[in-house]
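Reviewing the structure listed below.
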Amino acid sequence: MIRGVMALVAALGFAALAASFWGRWWAWGDSLAVARSFIGLAGLAWLLLCGVTGALGWRWVAALSLVVLGCLAPVGWAKWRPQPQDPAALMLYQKNMNYRMPTVAPLLADIEAVAPDLVTLQEVDAENRAVMAAMAGRWPGQHYCEFSAVGGQAVLSRWAALETVCGYGWAGMKVDHPDGAFWLVSVHLHWPAPYAQRAHLARALPELAALEGPVFVGGDFNMVPWSGAMVRLGEALGAARVGRARLSIEQFGGRLWLPIDHVLAPQGWQGRSVIRPQLGSDHFGVVAQLVAPCWADLQPYAIRRLPCP
């Protein structure tokens, strides 16, 4: 009886692990994707226990453990994949400020120390929006869009703005870069199921897909990089996440850390990701050092080729 129950629990665990890949089609699939590493590691321990107790034969334990490790491979790749060492053509600073940030001074000092070319912010409210005015001298290209009670999104650039647009949970600005114009977008998605992330994407994805030209994105996506939501965003934008996944938010007194702040760049670009301090927010900053492709443009609207080492 006990062995049968243990085998049933193992089967349910595999069902949850498989469902974590269904986020493109089922809202709860991405919620399970957030927990995929926890489900997988717990599953490996459970399979070992099943082998010890005789609930499953050791051949089954070995075979099923390989399946679990295969399911965890996208998580490991996102966290530990190689990063390019070539010089960066652009640098982007991504930060969810948190509407409860007591003062913007530490964040402003950190941004000035990093000296990025591009900045994407979320939860920008009436109080902490002062950071934009303080940055206007070095980052004159600026755009802000209201969104929710916790604040809106903002984009800032060293170069002037050619065009601006506000979408559902995102702010976009076309940047007048000397090597060719591109879009800079700041995104803030709702939480996944049981919250409204899937409905949010249903509205935002067609808007984002309508942007013509290369798009660089920074945002609090409230979603892990190996999810269906992130795949759909990349497809809509013609972009891909760059750099290693970084644990960018601390929850429940440090007992839960998740990689939900990301930077996306046009296909062909690569990048290195570096974590920055919280500075009064529950989110860490993420700095992406963006490496340009070293071949002829592959997209009809791609930024002109930049010098390569």
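The values are calculated or read from the model by the stated rules, or taken from the named source; none is laboratory data. Just so it is clear, the structure is predicted and the values come from calculations on it, not from any experiment. Reconstructed Cβ throughout: ideal geometry from the backbone, glycine too, with neighbour counts over all protein chains shown.
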Worksheet item: When you look at R36, is it of a type outside the set (A, V, I, L, M, F, W, C) and surrounded by 19 or more Cβ atoms within 10 Å (Cβ to Cβ), yes or no?
Response: yes
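State whether the residues of region 125-132 include one that is in the same structural domain as L279 (by TED's automatic domain parsing), at positive phi and either in a loop (DSSP other than H, G, I, E, B) or out of contact with any strand residue (DSSP E or B) (no Cβ under 6 Å at 6 or more places or on another chain) (or both).
Looking only at region 125-132, we keep the residues that are in the same structural domain as L279 (by TED's automatic domain parsing), and these are 125-132.
In the following step, the residues that additionally are at positive phi were identified as none.
No: region 125-132 contains no residue that is in the same structural domain as L279 (by TED's automatic domain parsing), at positive phi and either in a loop (DSSP other than H, G, I, E, B) or out of contact with any strand residue (DSSP E or B) (no Cβ under 6 Å at 6 or more places or on another chain) (or both).
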Practice prompt. Pick out the one residue from Y168, Y195 that is more than 26 Å from D117 (Cβ to Cβ), free of Cβ contacts under 8 Å to residues at least 24 places away in the same chain, assigned by TED's automatic domain parsing to the domain that holds Q122 and not hydrophobic (A, V, I, L, M, F, W, C).
Written response: Y195
Worksheet item: Which of the residues spanning region 79-111 are part of a helix (DSSP H, G or I) and surrounded by fewer than 19 Cβ atoms within 10 Å (Cβ to Cβ)?
Response: K79, W80, A105, P106, L108, A109, D110
Practice prompt. Look through L48, L17 and report the one residue that is modelled with pLDDT of 85 or more, of a type in the set (A, V, I, L, M, F, W, C) and surrounded by fewer than 15 Cβ atoms within 10 Å (Cβ to Cβ).
Written response: L48
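With the requirement that a residue be assigned to a loop (DSSP other than H, G, I, E, B) and of a type in the set (D, E, K, R), what does region 205-221 give you? Talk me through it step by step, then tell me what you get.
Going through region 205-221, the residues assigned to a loop (DSSP other than H, G, I, E, B) turn out to be 210-214, 221.
If the condition is that a residue be assigned to a loop (DSSP other than H, G, I, E, B) and of a type in the set (D, E, K, R), then E212 is the only one that fits.
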Worksheet entry | Selection status of V150, under 24 Å from I275 (Cα atoms) and crowded, with 18+ Cβ neighbours inside 10 Å | no
Discussion item. Tally up the residues in region 61-78 that are buried (at least 18 other Cβ atoms within 10 Å of the Cβ) and without any contact (Cβ under 8 Å) to a residue 60 or more places away in the chain, please.
Written reply: 5
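From the list A130, A113, A126, A105, exactly one residue is of a type in the set (A, V, I, L, M, F, W, C) and at pLDDT 95 or above. Which is it? So that I can check it myself, show each step before the final result.
On the way: A130 fails: at pLDDT 95 or above; A126 fails: at pLDDT 95 or above; A105 fails: at pLDDT 95 or above.
None of the others qualify; the one that does is A113.
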